[in-house]
1. Would you be so kind as to identify which of Leu18, Leu59, Ser115 lies farthest towards the positive end of the dipole of the chain, taking Lys and Arg as +1 and Asp and Glu as -1 on Cβ and the Cα centre as origin?
2. Counting only helical runs of four or more DSSP H residues, what would the 222 nm mean residue ellipticity of the chain come to if each run contributes -39,500 (n - 2.57) and the total is spread over all its residues?
3. Not counting the cut sites, what is the longest span of the chain without GluC sites (Glu not before Pro) that DSSP labels loop and that have at most 12 other Cβ atoms within 10 Å?
4. Please give the helix 69-85 orientation as an angle from the longest Cα principal axis of the chain, in degrees from 0 to 90, rounded to the nearest 10.
5. At a 10 Å Cβ-Cβ cut-off, how would you order Phe95, Phe90, fewest neighbours first?
6. Distance from the Cα centre of the range 61-126 to that of the range 14-30, in angstrom?
7. Mind checking the dipole of the range 21-85: about its Cα centre, +1 per Lys or Arg Cβ, -1 per Asp or Glu Cβ, Debye to the nearest 20?
8. Let's see if you can work this out: charge +1 on each Lys and Arg Cβ, -1 on each Asp and Glu Cβ, no other charges. What is the dipole magnitude of the chain about its Cα centre, in debye to the nearest 20?
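No value in this document is a laboratory result; all are computed from the given coordinates. These figures come from a predicted structure and were not determined experimentally. Neighbour counts are summed over all protein chains in view; Cβ atoms, including those assigned to glycine, are modelled from backbone coordinates with ideal geometry.
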Amino acid sequence: MQEHTIRAVIFDMDGVLLDSEPLYYDIQQELFRSLGFEVSEEEYGHFIGLTMESMWQKLKETHGLKQSVPQLIKQNNKAILKAFRHRDHFIPIPFLLDYMHQLQSEGKVLAVASSTAKEIITIILEKLGLTFYFQEVVSGEEVPAGKPAPDIFLETACRLGLEPAECLVIEDSANGVSAAKAAGMQCLGFAYSLFGDQDLSAADKVVSGYDELLEEL
């Protein structure tokens, strides 16, 4: 990886800033059951990194759901927001803050690009105490196509005023890695949790935690 060309580091949120995928899974399982079906952890793993629109479109087709995709997304986000608002705080992944401080000391710009709804991103960043670290925060709701399409990363680079080749993405999902590489960016596969057994082999490099990155620095 050509680290000397990197001017910005773009973080996915779920699984990269906090280990949130198990939280989503538990909340959404209750919703799935209320709609008359269940989703295995293996099946759920295929949805990680996708927008809610993509996930619910697939679930609607698979399970013959009568509700519209927008109605299903509204129910989904309402359940997540309710659960997250009742949490006092979230715990960031170990050594995340140390790594971010190191990047900032090197003059790198930080951003978030997540498929999650913007309202949920905002709550999580606030409860993590990370809001002011990021120059840009982009949601999958704000681009035409979600991951694995490159739209969200290209939009983030555009807002930062940088070329894609000047950006490094940190992603924990196969869909996210595919999106970063399609955008022409370098990508670190982040295998801290690997909920859903994600294939990160397309990343430029795979690491298991921020402590590993700090050791290299």
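1. Farthest towards the positive end: Leu59.
2. Mean residue ellipticity, 222 nm, calculated: -13000 deg cm²/dmol.
3. Counting at most 12 other Cβ atoms within 10 Å as exposed, the longest clean stretch of the chain is 107-217.
4. 70
5. Phe95, Phe90
6. Their Cα centres are 9 Å away from one another.
7. 480
8. 940
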